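Undergrad: My questions all concern the structure below.
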Amino acid sequence: MNEAYRYFLIFLGALLIYNILLIRFIALCPLIGVSTQVETSIGMAMSVLFVMTMATTASWVAWNYILEPLGVGEFLYIPVFILIIASLVQFTEMFIKKVSPPLYRAMGIYLPLITTNCAVLAAATESVKPGFLKLNIPYNFSLPEALIYTIGVALGFGLVLIIFACIRERLETSPIPHSFKGAPIAFIIAALLSLAFMGFANLLGL
Amino acid sequence: MEETTFWYEFKKGFIIENPLMVLMVGLCSSLAISNRLENGIFMGISLTFVLVMSNIIIAAIRRWIPDQIRIPIFIIVIASFVTIVDLALKAYFPPVYDRLGVWIPLIVVNCIVLARAEGYAYKATVKNALADGLGMGAGYTCVLLIMGFIRELLGTGKLVLFDVTILKIAPPYNPPAIFILFPGAFLTFACLMALLNRYKARKVEQ
């Protein structure tokens with residue numbers, strides 16, 4: 001398999017075929033909680049992309065240069081990854097606050113939420129530690145490949161979040177049966193979208 | 001008096017504040033792995049174990065936890081118990097571990113566990129924290145089992161538990177595979193929530 005094609009497959013697989021929200025159900029809380037307005041969804045998607053990329057880079061370095069050589073990866077990966085993510089988010093928040101107040105106003109409120117966003121830990125774990133990736137690609141991720149995978153996951157997250165928010169904005173004026181108001185109808189929409197995304201299954205043999 | 005409070009704390013998690021149906025936290029894992037009843041049992045036990053143990057430890061050491069760094073301490077405590085579950089499942093039930101996959105490490109960022117640590121165990125006695133953990137865990141497991149039951153029965157036409165078929169729908173029934181696939185999870189959950197809403201609305205009317 002040539003190099004560029006492999007990158008393309010990893011990216012596409014993470015973005016559409018194994019979409020993190022609709023096919024894998026990771027990080028549903030922001031999907032239901034944040035996606036009521038398009039604007040907040042875009043802010044959230046950008047923050048996730050930013051934090052996820054940094055978290056995967058840091059986790060990859062920690063796994064390949066510290067945990068794996070010392071032979072403790074199997075026991076310590078959970079606490080190490082989650083601490084990396086938590087401190088990274090804290091650091092990013094302080095850094096952005098100091099350097100760019102407008103950016104902080106746009107992204108700031110979502111940053112603390114992202115620590116407990118399963119998507120970040122999931123992307124880091126899958127692209128760094130062997131044995132979790134579900135894509136039909138032989139696993140031996142180098143740093144660029146792990147990054148491509150992560151960016152694909154984050155963009156897939158953003159894409160669905162924004163589509164979802166657009167639909168929900170329209171929903172506010174539509175007649176909905178009383179029992180289905182609020183969260184239940186959101187789940188029905190998620191089911192339909194998920195059905196649409198399932199059409200991508202087996203694309204390019206993934 | 002002691003006994004009634006213990007029972008009350010247990011019941012609260014189970015019914016009044018059911019983490020999935022009422023508080024709507026920790027949705028991701030419950031939707032993703034509820035395509036089989038058996039998965040629900042293992043995931044329920046794993047989460048209950050982590051929840052109970054972390055609740056007990058945090059309630060026991062709460063006097064010595066400095067307020068400013070309590071979240072990282074909670075996360076370390078939770079991460080250690082998740083590691084125990086991770087390694088135990090991997091050693092004794094490899095096929096189950098394969099199916100649950102990344103969801104086991106993701107218990108660390110499962111909102112239920114952190115929310116109970118921060119919102120309840122940090123201010124409660126050890127005994128109440130134990131009851132709370134058991135109740136919340138039971139509430140979570142119960143919803144998981146209901147979902148697993150509906151989805152596996154409708155989606156495959158039979159229930160398989162530890163390689164034994166325990167229930168089967170007669171042959172003319174042609175199982176729609178959508179229920180064990182991804183959209184089925186959203187649909188089942190939406191319908192369960194709508195039912196609950198309807199039940200509540202009825203109760204208010206009366």
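Undergrad: Given the criteria modelled with pLDDT of 80 or more and within 19 Å of A:Gln37 (Cβ to Cβ), does A:Val153 qualify? Full working, then the answer.
TA: Numbers: modelled with pLDDT of 80 or more: yes; within 19 Å of A:Gln37 (Cβ to Cβ): no.
Judged against the criteria, A:Val153 is not a match.
Undergrad: Moving to a separate point now. Could you run through segment A:27-71 and say how many residues are assigned to a helix (DSSP H, G or I), of a type in the set (Gly, Ala, Ser) and either more than 13 Å from every other protein chain (Cβ to nearest Cβ) or farther than 21 Å from A:Ser87 by Cα (or both)?
TA: Going through segment A:27-71, the residues assigned to a helix (DSSP H, G or I) turn out to be A:28-33, A:38-70.
Filter again for of a type in the set (Gly, Ala, Ser), leaving A:33, A:41, A:43, A:45, A:47, A:55, A:58-59, A:62.
Still in the running and either more than 13 Å from every other protein chain (Cβ to nearest Cβ) or farther than 21 Å from A:Ser87 by Cα (or both): A:33, A:41, A:43, A:45, A:47, A:58, A:62.
Number satisfying all stated conditions: 7.
Undergrad: Out of everything in segment A:167-206 that is open to solvent by 60 Å² or more (accessible area, probe 1.4 Å), assigned to a helix (DSSP H, G or I) and farther than 20 Å from A:Ile23 by Cβ, what residue ends up being nearest to the other protein chains (Cβ to nearest Cβ)?
TA: Per the criteria, the residue is A:His178.
Table: residues versus (1) over 20 Å from B:Ala121 (Cβ atoms); (2) assigned to a helix (DSSP H, G or I); (3) away from every other protein chain (no Cβ under 14 Å).
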| site | (1), (2), (3) |
| --- | --- |
| B:Cys28 | yes, yes, no |
| B:Ile41 | yes, yes, yes |
| B:Asp67 | no, no, yes |
| B:Ala88 | yes, yes, no |
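Undergrad: In contact (Cβ under 8 Å) with a residue 60 or more places away in the chain, over 30 Å from B:Leu181 (Cβ atoms) and assigned to a helix (DSSP H, G or I): which single residue out of B:Gly133, B:Gly155, B:Gly139, B:Gly148 fits that description? Quick ask: steps written out before the conclusion?
TA: Details: B:Gly155 fails: over 30 Å from B:Leu181 (Cβ atoms); B:Gly139 fails: over 30 Å from B:Leu181 (Cβ atoms); B:Gly148 fails: over 30 Å from B:Leu181 (Cβ atoms).
Exactly one of B:Gly133, B:Gly155, B:Gly139, B:Gly148 is in contact (Cβ under 8 Å) with a residue 60 or more places away in the chain, over 30 Å from B:Leu181 (Cβ atoms) and assigned to a helix (DSSP H, G or I), namely B:Gly133.
Undergrad: Further question on the same structure: Residues that are surrounded by fewer than 16 Cβ atoms within 10 Å (Cβ to Cβ) and assigned to a helix (DSSP H, G or I): does segment B:110-118 have at least one?
TA: Step one: of segment B:110-118, the residues surrounded by fewer than 16 Cβ atoms within 10 Å (Cβ to Cβ) are B:118.
Among the residues that remain, those that are also assigned to a helix (DSSP H, G or I) are: B:118.
Checking segment B:110-118: at least one residue is surrounded by fewer than 16 Cβ atoms within 10 Å (Cβ to Cβ) and assigned to a helix (DSSP H, G or I).
Here is a yes/no grid of residues against (1) closer than 15 Å to B:Val109 by Cβ; (2) open to solvent by 40 Å² or more (accessible area, probe 1.4 Å); (3) among the hydrophobic types (A, V, I, L, M, F, W, C):
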{"position": "A:Met52", "(1), (2), (3)": "yes, no, yes"}
{"position": "A:Pro69", "(1), (2), (3)": "no, yes, no"}
{"position": "A:Val72", "(1), (2), (3)": "no, yes, yes"}
{"position": "A:Leu76", "(1), (2), (3)": "no, yes, yes"}
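Undergrad: Please determine, by comparing only the residues of segment A:99-125 that are outside any helix (DSSP H, G or I) and hydroxyl-bearing (Ser, Thr, Tyr), which one is modelled with the highest pLDDT. Show your work before the answer.
TA: Going through segment A:99-125, the residues outside any helix (DSSP H, G or I) turn out to be A:100, A:116-117.
If we keep only those that are hydroxyl-bearing (Ser, Thr, Tyr) as well, we get A:100, A:116.
Working: A:Ser100: 75, A:Thr116: 62.
This residue is A:Ser100.
Undergrad: Next question, about the same structure. What residue, of B:Val160, B:Val204, is more than 14 Å from every other protein chain (Cβ to nearest Cβ), open to solvent by 10 Å² or more (accessible area, probe 1.4 Å) and more than 20 Å from the chain's Cα centre (by Cα)?
TA: Details: B:Val204 fails: more than 14 Å from every other protein chain (Cβ to nearest Cβ).
One residue alone meets the criteria, B:Val160.
Undergrad: Name the residue, out of B:Met147, B:Met136, that is at pLDDT 80 or above, within 18 Å of B:Lys11 (Cβ to Cβ), under 14 Å from the mean Cα position of the chain (by Cα) and buried (at least 18 other Cβ atoms within 10 Å of the Cβ). Break it down into steps so the answer makes sense when it comes.
TA: Values: B:Met147 fails: within 18 Å of B:Lys11 (Cβ to Cβ).
Only one candidate qualifies: B:Met136.
Undergrad: Which count do you get for residues in segment A:7-22 that are more than 12 Å from A:Val153 (Cβ to Cβ) and either open to solvent by 20 Å² or more (accessible area, probe 1.4 Å) or acidic (Asp, Glu) (or both)?
TA: Number of matching residues: 2.
Undergrad: Quick one: which of B:Phe74, B:Phe49 is away from chain A (no Cβ under 14 Å) and either open to solvent by less than 10 Å² (accessible area, probe 1.4 Å) or in a helix (DSSP H, G or I) (or both)?
TA: Details: B:Phe74 fails: away from chain A (no Cβ under 14 Å).
Answer to the check: B:Phe49.
Undergrad: In addition: So which residues in segment A:126-149 are modelled with pLDDT under 80 and either among the hydrophobic types (A, V, I, L, M, F, W, C) or in a helix (DSSP H, G or I) (or both)?
TA: The first filter runs over segment A:126-149 and keeps only residues modelled with pLDDT under 80, leaving A:126-142.
The answer is A:Glu126, A:Ser127, A:Val128, A:Phe132, A:Leu133, A:Leu135, A:Ile137, A:Phe141.
The values are calculated or read from the model by the stated rules, or taken from the named source; none is laboratory data. These figures come from a predicted structure and were not determined experimentally. Neighbour counts are summed over all protein chains in view; Cβ atoms, including those assigned to glycine, are modelled from backbone coordinates with ideal geometry. What goes into the accessible areas is simple: the full protein's heavy atoms, side chains included, and nothing from ligands, DNA or RNA. Shrake-Rupley method; radii C 1.70, N 1.55, O 1.52, S 1.80 Å.
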